[in-house]
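Reading through the structure tokens given below for one structure.
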Amino acid sequence: MSWGYFIRRLFAVVLVLAIVTFAVFAITTVLPGNAAIMILGEYATPEAVAALERQLRLDQPWHVQYLTWISGIARGDFGMSLRLSLPVTQVVGEAFVNSAVLAATALVTVTVIAIPLGALAAIKRGTAIDLALGLFSYLGTSLPEFVTATLLLVFLAAPNTGPFPAGGYVAPWESLAGFGAHVALPAATLGLILMAHIARQVRSEMSEVLSSDYIRAARLKGLSERRVIRRHALPNSMAPAVAVISLDIGYLLGGIIVVEEIFAWPGLGRLLIYALENRDLPVIQAVTLLLATVYALSNLLSDIVIALLDPRVRYA
Amino acid sequence: MTSLAPNVIEAAAEKQKPALSIRNYSLAYNTLNGPVSALKNIDLTIGKGQTVGLVGESGSGKSSMAWSIMRYLPPNALETGGAIRLAGEELLDYTPRQMADIRGRRMSMVFQDPSTSLNPTIRLGEQIAEVLMRHQGLTAAQAWVEAEAALARTGITRPKEMLRRFPHEASGGEKQRVVIATAFACEPELIIFDEPTTALDILTARQILDLFNRLREETNVSALYISHDLGLVSRVVDEVSVIHRGAIVESGSVAQVFRRPTDAYTRHLIGAVPNPDRWIGVERPSHPESLIRLEKIGVRYNSPSLFQKLFKPAAAEKSTFWGARDVSLDIRKGELLGVVGESGSGKSTIAKVLAGLEDFEGNLDVGGKALTSRKEIDRAYRRNVQIVFQHPDASLNPRQKIGTIIGRPLKLYGIVPRDKITARVAELLEMVRLPADYANRHPHQLSGGEKQRVAIARAFAAEPSLVICDEVTAALDVSVQAAVADLLVKLQKDTGTACVFITHDLNLIRQLAHRIAVMQHGRLVDFFDRDDARADDRHPYTKALLDAVPVQEAVEAQN
């Protein structure tokens, strides 16, 4: 892979993140409406408002506020949570780890299952298997996550009888079995939609590749079907699937907010909802910025993977 | 003696068994409207070391024949009898697994377009080596060594380096050499060449043909050479079969088929091959009068971005690609100007500049007024200069009826009153020799040649003074091509419109054009009167192009 390509992509990511910090800052700080009053309520005394303004540095011009904020971030200091009396870094850090564990579990499971399923559907195009997978995909994409979550809860986590707990969290390094039980339903909820999405993408891409001239040429060389599929067809169908997966990370970051709330999973989503309800500005800023960073970096990662899969991209 | 005879005959037959023999073979495809016949009672024999040409136009069944021999048929194919024998062995009896062992080892194939028949994400070396690993049980390392040798035999100068490349890092000719090396790798008994030069430039095609002839002599392989191009086939084959609507209408040696064709369709096909010495164009305008003059026209693609200009000015200048540079020529009223060049030579870029579709540098002189940028091109100019594109499928809106398509410029430029449009569309259809009731059809109900006529009718509807024809015959069969060329000449005669005819077909252009411009790498390298085509002071590139055109046999046959 050429370094120029990588550096150009990295430059784009940095640019995007710079714009994001600005947007996050602008929305929470500069927009009309005094943040201190929003936090304290309409009936706060002017003294209390002035004190909070000083604490939040709202009395200073906006560019000073921005620079203070951004230089804090550069040192890893997002300020203090207004409600939890803890450093934002600590609050957000814990939640981030929890969310990352959930998202990664969902994503890895989905990828491992969906890609072979999609490929299988393409190879067996028009057969009962393909049809069944197609139907499943439609169901998966058309059900919103709160419906899937409710169904899973009703059927698999009924009080006392269901095999899975209805909510809560156990870290994998504390008890792997406990973690597995707790992560199963939220991961399945997130996964169903992604699975359908990715499997369909792989199927359509794979079908196209399978009908291409070079697959015909490979078969006419007498190559085994196994080699035709694994060496010639699959890698070429993967690049678009990776692009879809990276877009799906965007969806995952949104979906996680709903799913964490339903399953009482102590991650970024729950924290964000809590912070919004309590107008905990530093936490809102940190979480938003973190989500944007994860999204931008996952896009960068997918660009790199695509470039590795398809030599034509590397020099584009 | 009687008891001995069968053995002796069998032994003799064993020796003489042809590489491929097809007997009374028929094929149909199941469709929603019932079975459609694709091949009818085909008889074809290829002796050991012999090359047989299979010539036909699109839809004649020549590709189906190739798939039948390779036993690579779609699920809806229906074989209705006959035999296909490879060295006496009945291929129809083999299981798919047995066939997989034969493909690539005992018979292989070279395809039309090397840019689609090579896997874009696999190094060229692996694509050759995998056949050797599959069929000769070599290890990867051994196979790569063999692959290098195979590639070297195709005349690639640095085969080792080429093996490490991906398809997009090689030129069309290099890629086709890789495909050919792959086909020859396991020393097969039979190779099927399916239009192996159609997707290549004239000069590259010529080299590939020479390579084919050389390898054939070296290896004594038997080959089936499938093509639509009679002139080309005559250069490489010993025997030729002409296929038309799924049936072989004529077979024999090249000389016999070309000199004494017995079948009407063969005669028609031979007659349609453009003969550069037979002039069919309109009379040269009596006093040359300039219509449009191009002065130092340049078109840049891939202009450097602001980022590049700021940070890497040196690289920025390098990344600029000139689609055309310093092109100066004039187009005269009523003439037919031929623009010739290979793909990527800039001939279509010039067409786009003339049609006002491309930003340009330099001047466009129209009737004494100099246009210096695309923005200055006005409505009157656009009406005056019409363009016909290569692919009518892409340039005709599939949702509109033919009447709407042709009526559009009539409405747009107010050429006839609204209530006369239908009548005028009918006239235009008649002008391009199509029935007037085609106005109610959609493009998909027409054949390729008919669609191109519609596109031509639309161009002439605006009553322009210049029509640009950008490779209008390239996608058409030879016989349709001749008819379209005839039609253009007739329209020029009737309307006095000038025409810029862009093509890579030198034979055709020498039949039509008064003057010929030759382009290479975006520059105009030669510009001459048709009569001077063979003059000594022609640019070397022009000479090379003229020499690369395969035509002798077909033309001799016409005379």
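Structure values in brief
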| item | result |
| --- | --- |
| Single condition B:Ala152 does not satisfy, out of (1) crowded, with 16+ Cβ neighbours inside 10 Å; (2) without any contact (Cβ under 8 Å) to a residue 24 or more places away in the chain | (1) |
| Residues (surrounded by 21 or more Cβ atoms within 10 Å (Cβ to Cβ) and within 10 Å of chain B (Cβ to nearest Cβ)) located in the stretch A:229-255 | A:His232, A:Ala233, A:Asn236, A:Met238 |
| Helices (runs of 4 or more DSSP H) lying entirely in the stretch B:223-328 (those with 3 or more residues that are buried (at least 22 other Cβ atoms within 10 Å of the Cβ) and at pLDDT below 85) | B:230-236 |
| Residues of the stretch B:89-139 that turn out to be among the basic types (Lys, Arg) and in contact (Cβ under 8 Å) with a residue 60 or more places away in the chain, as a count | 2 |
| Flag if B:Arg134 is more than 28 Å from A:Ala307 (Cα to Cα), facing chain A (nearest Cβ under 7 Å) and not in a loop (DSSP other than H, G, I, E, B) | yes |
| Every residue from the stretch B:62-85 that is touching a Phe, Trp or Tyr at 6+ places or on another chain (Cβ under 8 Å), surrounded by 17 or more Cβ atoms within 10 Å (Cβ to Cβ) and either on the phi > 0 side of the Ramachandran plot or at the interface with chain A (Cβ under 10 Å from one of its Cβ atoms) (or both) | B:Arg71, B:Gly82 |
| Selection count, the stretch B:121-131, where residues are surrounded by 23 or more Cβ atoms within 10 Å (Cβ to Cβ) and either within 8 Å of another protein chain (Cβ to nearest Cβ) or out of contact with any Asp or Glu (no Cβ under 9 Å at 6 or more places or on another chain) (or both) | 3 |
| Output for the stretch B:108-120, where each listed residue is within 9 Å of another protein chain (Cβ to nearest Cβ), crowded, with 19+ Cβ neighbours inside 10 Å and not in a helix (DSSP H, G or I) | B:Ser108, B:Met109, B:Phe111, B:Gln112, B:Leu118, B:Asn119 |
| Scope the stretch B:435-464; condition out of contact with any Lys or Arg (no Cβ under 7 Å at 6 or more places or on another chain), surrounded by fewer than 20 Cβ atoms within 10 Å (Cβ to Cβ), in contact (Cβ under 8 Å) with a residue 24 or more places away in the chain and within 21 Å of B:Ile421 (Cα to Cα); matching residues | B:Glu463 |
| Members of the stretch B:465-478 that are in contact (Cβ under 8 Å) with a residue 60 or more places away in the chain and hydroxyl-bearing (Ser, Thr, Tyr) | B:Ser465 |
| Positions within the stretch B:156-210 being basic (Lys, Arg), surrounded by fewer than 21 Cβ atoms within 10 Å (Cβ to Cβ) and within 12 Å of chain A (Cβ to nearest Cβ), in sequence order | B:Arg164, B:Arg165 |
| When residues of the stretch B:86-101 are limited to those that are within 20 Å of B:Ile191 (Cβ to Cβ) and part of a helix (DSSP H, G or I), the one farthest from the other protein chains (Cβ to nearest Cβ) | B:Leu91 |
| Breaking point among (1) more than 14 Å from every other protein chain (Cβ to nearest Cβ); (2) at pLDDT 90 or above; (3) not in a helix (DSSP H, G or I), for A:Gly222 | (1) |
| Flag if A:Val209 is in contact with a Ser or Thr (Cβ under 9 Å, 6 or more places away or on another chain), within 14 Å of chain B (Cβ to nearest Cβ) and among the β-branched types (Val, Ile, Thr) | yes |
| Flag for A:Leu176 being more than 14 Å from chain B (Cβ to nearest Cβ), closer than 17 Å to A:Ile256 by Cα and either among the β-branched types (Val, Ile, Thr) or within 24 Å of the chain's Cα centre (by Cα) (or both) | no |
| Identity of the residue in the stretch B:378-405, modelled with pLDDT of 90 or more and either under 24 Å from B:Phe321 (Cβ atoms) or of a type in the set (A, V, I, L, M, F, W, C) (or both), that ends up surrounded by the most Cβ atoms within 10 Å (Cβ to Cβ) | B:Val388 |
| Test: residue in the stretch B:437-460 that is at pLDDT 90 or above, within 24 Å of B:Ile292 (Cα to Cα) and within 22 Å of the chain's Cα centre (by Cα) | yes |
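Matching residues to (1) modelled with pLDDT of 85 or more; (2) in contact with a Cys (Cβ under 6 Å, 6 or more places away or on another chain); (3) farther than 27 Å from A:Glu277 by Cβ; (4) assigned to a helix (DSSP H, G or I):
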| position | (1), (2), (3), (4) |
| --- | --- |
| A:Arg8 | no, no, yes, yes |
| A:Leu15 | yes, no, yes, yes |
| A:Thr29 | no, no, no, yes |
| A:Asp59 | no, no, no, no |
| A:Tyr66 | yes, no, no, yes |
| A:Ser71 | yes, no, yes, yes |
| A:Ser99 | yes, no, no, yes |
| A:Thr109 | yes, no, yes, yes |
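The values are calculated or read from the model by the stated rules, or taken from the named source; none is laboratory data. Remember, it's a predicted structure, so these values are computed and weren't measured experimentally. Heads up, the Cβs are rebuilt from the backbone with ideal geometry, glycines too, and the neighbour counts pull from every protein chain shown.
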